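Each reported figure results from applying straightforward, stated rules to the coordinates on display, with no laboratory input. The structure presented is a predicted model; accordingly, all values stated were derived computationally and were not measured. Using ideal geometry, Cβ is built from the backbone for each residue, glycine included, and neighbour counts are taken over all protein chains shown.
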Amino acid sequence: MEFKRSTCNILFLRLKEPRRFIQVLTGPRQTGKTTLVRQVMAQLDTPVHYASADEPPIAGGQWLEEQWELGRLKIQPGKEGILVLDEVQKITHWSEGVKRLWDEDTAREIPLKVVLLGSARLHIQTGLTESLAGRFEIIPVSHWSFDEMRKAFGWTLEQYIYFGGYPGSASLVADCQRWSRYIIESLIETTISRDILLMTRVDKPALLRRLFQLGCDYSGQILSYQKMLGQLQDVGNTTTLAHYLDLLSSAGMLTGLMKFSQRRVRQRSSSPKFCVLNTALITAQSPLSLAEAQQDRNFWGRLVESAIGAHLLNSVVGTNIEVFYWRERGMEVDFILWDGKKSVAIEVKSGRRKEVLAGMEAFSDHFHPHRKLLVGGQGMPLEEFLLNSPLRWMQD
């Protein structure tokens with residue numbers, strides 16, 4: 001099985017180049033980062049040392065130096081070596097240590113190339129920009145698409161909408177209860193406790209957990225921060241909620257889309273539209289089986305819209321394209337793609353909505369989008385939409 005073919009090719013080509021940059025693969029847990037790197041290493045005729053910071057109880061500066069030296073020892077006369085450090089964010093002061101060792105190798109002309117992997121994107125990005133400016137390139141790894149899950153596991157459209165894009169869970173779907181426990185215990189709980197709470201200061205961890213649950217329950221819906229506070233029964237402030245939502249988004253779990261406006265100030269002040277980044281986060285916590293979910297028209301419609309939102313958000317990672325929603329005077333468009341110059345308006349016909357597309361017409365009159373897409377119903381088949389990259393819809 002080949003994981004993330006395009007990402008494998010990017011990493012392979014960059015490691016074959018004579019230039020030395022630290023290659024940083026970052027993305028949610030269980031999206032195949034480690035497997036991807038191992039497959040690339042198997043194709044390279046280069047000695048590799050792999051180490052994971054998840055293994056020692058506390059990975060500090062001494063551990064980093066030891067692993068770096070083992071990487072240097074892999075170098076043979078006239079050849080390069082490659083050092084792969086997994087879960088790099090677990091290493092205490094990792095960015096400062098990597099900078100010092102990288103600069104030492106550069107000064108001494110030691111031909112060691114370095115690949116860093118991590119699942120806490122916000123923490124890694126902070127370390128990169130603070131200490132490693134000019135020394136790294138990021139290769140984002142997102143949740144798996146329908147096309148990838150179909151090719152790897154033979155999944156149908158309905159399976160993808162329900163079970164989402166976690167490749168590690170594919171072997172468990174025959175036992176729905178076991179699959180649900182895996183998603184909840186190994187992915188949801190591990191991500192929240194280890195990638196967010198352990199790595200970032202969170203004054204109200206219970207509030208963050210409740211916000212995640214609320215976001216799953218309302219995925220595909222717009223909810224003001226004031227209404228969130230009422231639902232969460234918390235006396236906190238909207239700034240705290242916005243920060244916690246950013247943390248959940250950086251961990252690849254849940255995001256809040258902003259309202260489309262060509263003015264940034266209006267975007268930031270808008271009520272967010274919840275969207276999970278993997279539909280498994282919804283269904284694993286639901287008592288409904290795949291068959292029961294399909295029979296529940298409202299629930300299935302919410303899953304379909306969430307699957308499209310996740311597809312858009314995961315596909316544009318690492319590009320200049322942003323995803324928004326639009327609503328004005330009761331009229332709404334589900335998703336807006338925007339590259340700073342032109343927009344694409346996308347409306348989802350999930351079975352929950354009327355056929356009249358007043359929102360699309362109003363948006364078109366005001367913003368003149370590059371393209372208007374209706375997905376589902378009498379529009380583009382859902383399967384066709386999910387098999388194509390959103391970048392295609394931005395092209396002329």
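Observations on the model:
- Compactness of region 193-329, expressed as Rg and Dmax over alpha-carbon positions, Å: 15.1, 44
- Cβ-Cβ FRET estimate between Leu198 and Asp396, R0 fixed at 41 Å, reported to 0.05: 0.35
- Cβ-to-Cβ counts within 10 Å put Ser271, Ser289, Ser95 in ascending order as Ser289, Ser271, Ser95, the fewest first.
- q = 0.15, 0.17, 0.18 Å⁻¹, region 111-259: log10 I(q)/I(0) [Debye, one scatterer per Cα]: -0.96, -1.13, -1.20
- Pair Ile184, Glu292: separation of 7 Å Cα→Cβ label points (nm): 1.3 nm
- Every Cα-Cα pair of the chain was included, and the share exceeding 34 Å stands at 33 percent.
- Helix 33-43 axis, angle to the chain major axis (alpha carbon atoms, nearest 10°): 50 degrees
- Set of lysines near Lys372 by C-alpha distance (under 23 Å), chain-local residues within fewer than 8 positions excluded: Lys259, Lys273, Lys341, Lys342, Lys349, Lys354
- By the count of other C-beta atoms within 10 Å, a proxy for reagent exposure, Tyr218, Tyr166 are ordered fewest to most as Tyr218, Tyr166.
- Gain in span if fully extended, Gln378 to Glu104, counting 0.36 nm per residue against the direct Cα distance: 92.5 nm
- Estimated FRET transfer efficiency (Gln43, Leu387; beta-carbon r; R0 25 Å; 0.05): 0.40
- Range of Cα positions in region 5-140 per principal axis (Å), largest first: 36, 34, 28
- Hydrodynamic analysis of region 137-197 uses the Kirkwood radius over alpha carbon pairs. Inserted into Stokes-Einstein at 10 °C and 1.306 mPa s, it gives a translational diffusion coefficient of 125 µm²/s.
- Scaled radius of gyration (Cα, divided by 2.2 N^0.38 Å) that region 254-396 gives: 1.03
- Straight-line reach from Lys79: taking Cα to Cα under 20 Å and skipping same-chain neighbours fewer than 8 places apart, the aspartates and glutamates in range are Glu17, Asp45, Glu69, Asp103, Glu104, Asp105, Glu109.
- Proximal aspartates and glutamates to Lys204, defined as alpha-carbon separation beneath 19 angstrom and excluding residues fewer than eight positions away on the same chain: Glu189, Asp195, Asp234, Asp246
- The stretch between Thr239 and Thr35 holds 69.7 nm of extra length on full extension. This uses 0.36 nm per residue minus the Cα-Cα distance.
- Likely footprinting exposure, Leu373, Leu70, Leu112, Leu277, fewest C-beta neighbours within 10 Å first: Leu70, Leu373, Leu112, Leu277
- Computed E for Gln226/Asn320 - FRET, C-beta separation, R0 45 angstrom, nearest 0.05: 0.90
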